[in-house]
Every structure is written in C-alpha cells, then in structure tokens.
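Below is one structure; the comments refer to it alone.
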Amino acid sequence: MTVENEMSNPTLPKNIIPFIHDGDFFFTKGVEAFYKRKFDLALKYLKKAKDIDPLEALYPSQMSIIYTEIGAYHAANQILSDVIKTHGDDYVDSYYLIANNYAHLGLLNEAQKYATLYMEKDPDGEFYSEAEQLITILDLTLEEEMDFFEDEDEDDLLMYQETAFYYLQQKDYLKATAILEEALELFPEYDLFHFQSRFARFFNGEKETVLTEEEAALIAEPNQLQSRFNLMFFYHDLGQLDKVKDMVACFEGVYPMQQEQALKVAIGYTLAGYNDEAIHRFSRLQQRTVKHHVDYYTYYALALYRSGNVVEAEALFEEAKQRHKQLRSKSAPWLEERMSRSVDERK
C-alpha cells in the first residue's frame, strides 16, 4: 500500500490519540525505583508526578521519605512543611515524619514539638507508638543537656549548622572559618562550633596554634571524642602516624549512637591503617544518615582498596562521584594517597 493509499484508506483511524501518562504512573515508577535504591531516578519520577498533579499530597510526601533515606533531612522537612500548609491535617503523618527528621538533625526541641503535635492530632495514628517512644528518648536526652537556646534562636542555629557543614564538605576552609567565627559570636556555648572552628582553622593554615589549642582541650576533657577526632586528622596531616594510633586506641569497644561520631571512628581506623576494623565500622553505619558526608565515601573506599577489595572500592567511589559533584574532578583516594607518598619520598 502506498503512502497515498494509506492516507485515503477509510478503515484506518483518522486521528491517533497519544497515550499520556498520568501522575499515578510516574508515582508508581518512582516507588519502584525507590525500592531498588535508585534514589535519583525515584526523585525524577516523583517530581514529574508532582508537576502533572501539583495538588496531590502523596507525591511530595513520598519525595520527603526519599530525602530522609539519603540523609537530606532539611529538604525532607521543607517538603513536609509545604504539605501541611497546603493540605492542613489531611496528612497528619507529616508531623511525625518532621519530628523524626529533626531528631536526626539534633534539634531536639523541634522534634519534641512535632511529635507531640502528631500525637495530639491523631491519637489512633499509625505512628503513635513510635512518636511516644521518640518523645521518651527526647525527654531523657533533654534532661541531660542544658538548653542554651531560646526557641526563636533555633532557626539561626540551623542556618549556621547547614552553612558550616556545606563549606567543610567542600573543603573551603577559608569560608568555613569565617562562618564559624560568626556563629560562635552568637552561640558561644555550642560546643560543636568550637571543634569545627578549630578544624577549619587548622586546614586554613593555623596549624601550630590550633594544634596547641586542641591538645589543651583534650587535656582539660580527656573523654572528649570531638577533640580526639580533630587531633587524629591533625596528626595524620602532619605525618605523625604513632599519634594517630594513640588517638584511635581509645575507640576500641566504643560504638557511638550518633552516626556522625560513629563515622569519625570509622575514619579514624582508616587514618591509623587499621583497615579491617575500619571496614567493619563503616559497614555498621546507617547509610541514609552518612551518605551526604563526602568523607564516608573517600575513607571507606580507601579502606576497601587497601584491603584488596578493589572492585568494591571502585564501585563505591563511582557512586560517590554521582552523589557529590565536587569529587568528579578528583582522583580516587588510593591514587591521591600514592601521589602523596611519592611527594613525601622526594622531600
């Protein structure tokens, strides 16, 4: 049949109606990708579903769960807050999910507030017992800590936490130093800012001064893990491996509940050259919490490579480059280590 005959054939449909996927189609594809742990692909599908049907609360709610899974708690809470603003209490589970994210961030007062709101709004809710357990843990934790900040200060604190974390992850120690100096003027009693400030200042060039300060801080508080974390990095940078091992020795049998601290312990074993123990510690971490840390990938991959797990190390570093754009122009950590040794040998 010629094209002319085909077009004139009355038995063929004159109008072809294209099949247009609706929001549920992309939502289903997104959930499938989520269960396969293809989080970037899942987010693309869910964003497409949301674009098609912006009034459907289920789509952004599922997006927030993915952000929580990858440790992007702030992004998850922003989405859930928008859901509450748009839909009110139709999606009351959002309050519990927000509380859980705030707990991961260490913003305990906010976590407590949203968990309580959830329990008040839905006494028969699916997550009621989980919210009750969360509040019990929060109450115990808050009793042990002095509440240095008023509620209205928490937004500022959160902003400084996020900004400092960003610059430290980017290894932009000049900007990290500046923002942490500003943060300490407003929150002088927030201990973490002091440790982060010394870390940034050391790698910004104040090595001798900061090393003396951190060693003095450890003498004043011998059980302070944060000082040991800083010093193990400082000593490693200075090539003092024996002192790195001294810092790491106290980690034996220590398994911090806070994932950021547990990550530093695993990194410490890598810095000290105890690669099997490092791999063991890395494997115990909650990946959804630590995968937004660049150091999780670089030091875990390095420990794997040193132990002969080359394929696994290469795969992990490839994943790292997909998740963290700043790594795409970097050499693999074992190659950087090899180049660093070559430079040291030529000195």
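Below is a table of values for the structure above.
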item	result
Rounded tilt (10° steps) of 191-203 against the dominant C-alpha axis of the chain	80
Exposure proxy ranking, count of Cβ atoms within 10 Å, fewest first, for Glu126, Glu318	Glu126, Glu318
Within the chain, helix-based [θ] at 222 nm, where runs of 4 or more DSSP H residues each add -39,500 (n - 2.57), nearest 500	-23000 deg cm²/dmol
All Cα pairs of segment 23-144, percent lying beyond 24 Å	29
Least to most buried among Thr298, Thr28 (fewest other Cβ within 10 Å first)	Thr28, Thr298
P(r) tail fraction, segment 151-250 - alpha-carbon pairs more than 21 Å apart, %	34
Reported label for calculated percent of Cα pairs over 26 Å apart given [x] 60; [y] 50; [z] 65	[x]
Degrees separating the helix 310-323 axis from the principal Cα axis of the chain, which is the longest one	70
Neighbour-count order for Arg228, Arg328, fewest beta carbons within 10 angstrom listed first	Arg328, Arg228
Lysine pair count for segment 23-144 [Cα-Cα under 12 Å; pairs on different chains or 8 or more apart]	4
Two-decimal ratio, segment 264-347, of alpha-carbon radius of gyration to 2.2 N^0.38 Å	1.07
Helix 93-105 axis, angle to the chain major axis (alpha carbon atoms, nearest 10°)	20
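Throughout, read-outs are computed from the coordinates displayed, never taken from laboratory work. Worth saying up front: this structure is predicted, and the values here are computed from it rather than measured. Backbone-built Cβ (ideal geometry, glycine too); neighbour counts: all protein chains shown.
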